[in-house]
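Asks: Take this structure, written in structure tokens, and hold onto it; I'll ask about it next.
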Amino acid sequence: MEAPVNSERASRKDDHVRLAHEQRGDAPGANAFDDVEFVHHALAGVDASRVDLAVRVGEWRWSTPFYANGMTGGTEWTTRINRELAIAARETGMPMACGSVSVALDHPEAARGFAVIREENPTGFVMANLGVGRSADDAVRAVELLHADALQLHLNAVQETAMPEGTRDFSCWEASVERVVAASPVPVIVKEVGFGLSRRTLLRLSELGVRIADVSGAGGTDFLRIENARHDSDARRSGHDFSMLSGFGQSALACLLDAPEGGPALLASGGVRNPFDVVKALAAGAGAVGVAGSFLEALLDGGAETLVPLIERWVAQTTAILALLGAAAPAELTSTDLLVRGRLAEFCRLRGID
Ligand code: FNR
């Protein structure tokens, strides 16, 4: 029998939010976005009033080049977070995702934690979210629950490894991706949860029918640290300590720079702290940029009342930076001159990237 929702599974949802918040401390840390610079061309700028931030992602047009990435839902606390996020998305026209809806598929009483999104944001762009390994039927139910425009399907092998209750059998994942893509009534966006999608993975996803992928790389919310922190010392003593994997995976920028020609259209996320990071990811080839931890902080601080002005600031600042860089639209950023330093440059050298 499934455990009732208000038990271990539910407390995991609350733990993720609490620990994601705790691990950020007072200021978001340094990451691979700091390894990228633009060559400044003092005469290249354009008129900011001519800059249009809208992006095309697959068949969609999004008015902001960033979106709220999949986080949460299902418990009392996380339902409130989803409600506030949905209000902020509605007020700003920003696309948004919810966290994994699998809890609601297994425990109908948790569905409210996701349905609340459509109550507050009936016409906005909403992505449902599900972990790989679920059935085709579950994928359809996830989309229906949210009346979703797209389905995020997350690959989280590193996180599962760090969870005592996590799966150890990843061998069925390719077949699962293929089944979900074939069954989903809306486009599927395959994403990581903060460890990156490699060139090989992106090529394989393409062969499995995936048209859009969010590389979701390392350097922001760290699910290894979160899962390690969730386990008490007993679990550690019995061999469930995977803190040795710290630093595992690739950053979003590494994934973007290493991405193959002819792979899925790319979204990027993982460690995005501010609009300059958004612009760097767009310049490195992302069609749009996902933000989880940074927006969660604002939600925890003051709900939609805090997140809406933050998003408005991000829109204004992103616009201004595009004007400075001479890009009238996000797609034009790919012709800016990027400099890559430090660990990211080392990654590029080792991977043979110019
Ligand atoms: C997440 N993330 C996530 N991803 C997913 O696909 N399904 C999920 O249920 C969750 N849950 C979740 C909870 C919390 C509290 C956070 C902060 C994040 C991962 C998220 O979408 C993203 O891939 C990573 O967090 C990296 O982005 P940031 O946080 O560095 O911007």
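Asks: Working with all protein chains in place, sort Phe66, Phe38 by solvent-accessible area computed with a 1.4 Å probe, largest first.
Replies: Phe38, Phe66
Asks: Could you give the accessible area per residue of the chain, probe 1.4 Å, as a whole number in Å²?
Replies: Per residue, the chain has an accessible area of 43 Å².
Asks: By the gyration tensor of its Cα atoms, with a ≥ b ≥ c the square roots of the eigenvalues, what is the shape of segment 274-354: rounded for a/c under 1.5, prolate for a/b over b/c, or oblate?
Replies: oblate
Asks: Sticking with this structure for a sec: Between 0 and 90 degrees, rounded to the nearest ten: what's the tilt of helix 293-325 against the longest Cα principal axis of the chain?
Replies: Taking Cα atoms only, the helix is inclined about 20 degrees.
Asks: In whole Hz, with x marking every Gly and Pro, tabulate ³J(HN,Hα) for segment 222-227 from phi via Karplus 6.51 cos²θ - 1.76 cosθ + 1.60, θ = phi - 60°.
Replies: For segment 222-227, the Karplus curve yields 10, 6, 5, 5, 4, 5 Hz.
Asks: Could you tell me the accessible area of Arg179 in Å² (1.4 Å probe, neighbours in place), rounded to the nearest ten?
Replies: 110
Asks: Once neighbouring chains are kept in place and the probe is 1.4 Å, which whole percent of the accessible area of the chain is contributed by carbon and sulfur?
Replies: Summing carbon and sulfur atoms, their accessible area is 50 percent of the total for the chain.
Asks: If amide H atoms are built 1.01 Å from N in the plane of the peptide, which residues on other chains or at least 5 residues away come under 5 Å of the amide H of Lys191?
Replies: Amide H neighbours of Lys191: Leu153, His154, Leu155, Asp214.
The values are calculated or read from the model by the stated rules, or taken from the named source; none is laboratory data. Being a predicted model, the structure only gives us computed values, none of them experimental. What goes into the accessible areas is simple: the full protein's heavy atoms, side chains included, and nothing from ligands, DNA or RNA. Shrake-Rupley method; radii C 1.70, N 1.55, O 1.52, S 1.80 Å.
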